[in-house]
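The values are calculated or read from the model by the stated rules, or taken from the named source; none is laboratory data. Note that the structure is a prediction, hence the values are computed from the model and not measured. Neighbour counts are summed over all protein chains in view; Cβ atoms, including those assigned to glycine, are modelled from backbone coordinates with ideal geometry. When the accessible area is computed, the model is the full protein with side chains, heavy atoms only, and any ligands, DNA or RNA have been set aside. Shrake-Rupley method; radii C 1.70, N 1.55, O 1.52, S 1.80 Å.
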Amino acid sequence: MALALLYPPSRDRFLLQLRDDFPHILYPGHWGLFGGHLEADEAPAAGLRRELQEEIGFVPPRLSPFRSTLQDSGRQHFFFHGLLTVPLTELELNEGQDLAWGTITDLEAGECWSPRLQQMRPIGTPHRSILLALHQDPALWLDE
């Protein structure tokens with residue numbers, strides 16, 4: 001699995017995806033990250049670029065590796081970070097219920113407002129943790 005930590009040039013928030021409320025998926029109805037499963041023999045960066053094009057119709061010009069983790073299931077998750085250089089209004093939401101900027105305050109509180117649903121929704125614990133980890137290490141952030 002490859003996931004994107006996307007932020008604006010101001011670096012004061014992160015792009016979040018509100019996952020569908022389907023009970024058969026992980027973290028239904030929670031805010032998470034854009035990205036997803038890799039095809040067989042697909043490199044993580046290539047898979048993430050494909051997923052971002054499918055999910056929001058935009059791929060940042062540069063994505064840099066941040067971290068990879070091995071889950072209890074044995075699946076590896078690859079996290080990349082990059083600048084979102086277009087306004088949210090130019091993104092196409094093709095997967096999930098909503099997209100929004102999550103601020104550091106939202107991450108610390110563990111929930112974020114959904115403009116589309118007009119309600120607060122929780123941020124998935126692993127997504128929240130990885131975003132806070134990147135926020136705490138801004139030396140890694142891209143300068144573009």
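A cut-off under 13 angstrom between Cβ atoms defines the neighbours of Leu48, and their net charge, with Lys, Arg +1 and Asp, Glu -1, is -2. Between His37, Pro8, His24, the Cα set farthest toward the positive side of the dipole of segment 1-50 (charges on each charged residue's Cβ, about the Cα centre) is that of Pro8.
Going by a ≥ b ≥ c, the root eigenvalues of the Cα gyration tensor, does segment 5-65 fall in the rounded group (a/c under 1.5), the prolate group (a/b larger than b/c) or the oblate group? Taking the square roots of the gyration eigenvalues as a ≥ b ≥ c, segment 5-65 is oblate. Sparsely packed loop sites in segment 34-91 (the trypsin sites (Lys or Arg not before Pro) outside DSSP H, G, I, E and B with at most 16 other Cβ atoms within 10 Å) comprise Arg62, Arg75. Among beta bridges identified by DSSP and lying wholly in the chain, the antiparallel ones come to about 75 percent. Residues whose amide H comes within less than 5 Å of that of Glu111, counting only those at least five positions distant or on another chain, are Ile123 (H built at 1.01 Å from N in the peptide plane).
Bridges between two residues of segment 1-85, per DSSP, are antiparallel at a rate of about 60%. The length gained on full extension between Arg75 and Ala109, counted as 0.36 nm times the residue separation minus their Cα-Cα distance, comes to 9.4 nm.
The helix-only estimate of mean residue ellipticity at 222 nm for the chain, built from DSSP H runs of length n ≥ 4 each weighted as -39500 (n - 2.57), is -6000 deg cm²/dmol after division by the residue total. Solvent-accessible surface of segment 1-117, averaged per residue with a 1.4 angstrom probe and all protein chains in place: 50 square angstrom. Basic side chains Lys and Arg get +1 at the Cβ, acidic Asp and Glu get -1 at the Cβ, and with that the dipole of the chain about its Cα centre reaches some 240 debye.
In terms of its C-alpha gyration tensor, segment 66-125 has a prolate overall shape, because the principal axis ratio a/c (a ≥ b ≥ c, square roots of the eigenvalues) is not below 1.5 and a/b outweighs b/c.
Summary of the geometry: segment 21-45 and segment 60-106, compared by the centres of their Cα atoms, lie 11 Å apart. A cut-off of 5 Å between modelled amide H atoms, ignoring neighbours fewer than 5 places along the same chain, links His30 with Arg19. Here the chain has an Rg and Dmax of 14.1, 40 Å, counting Cα atoms alone.
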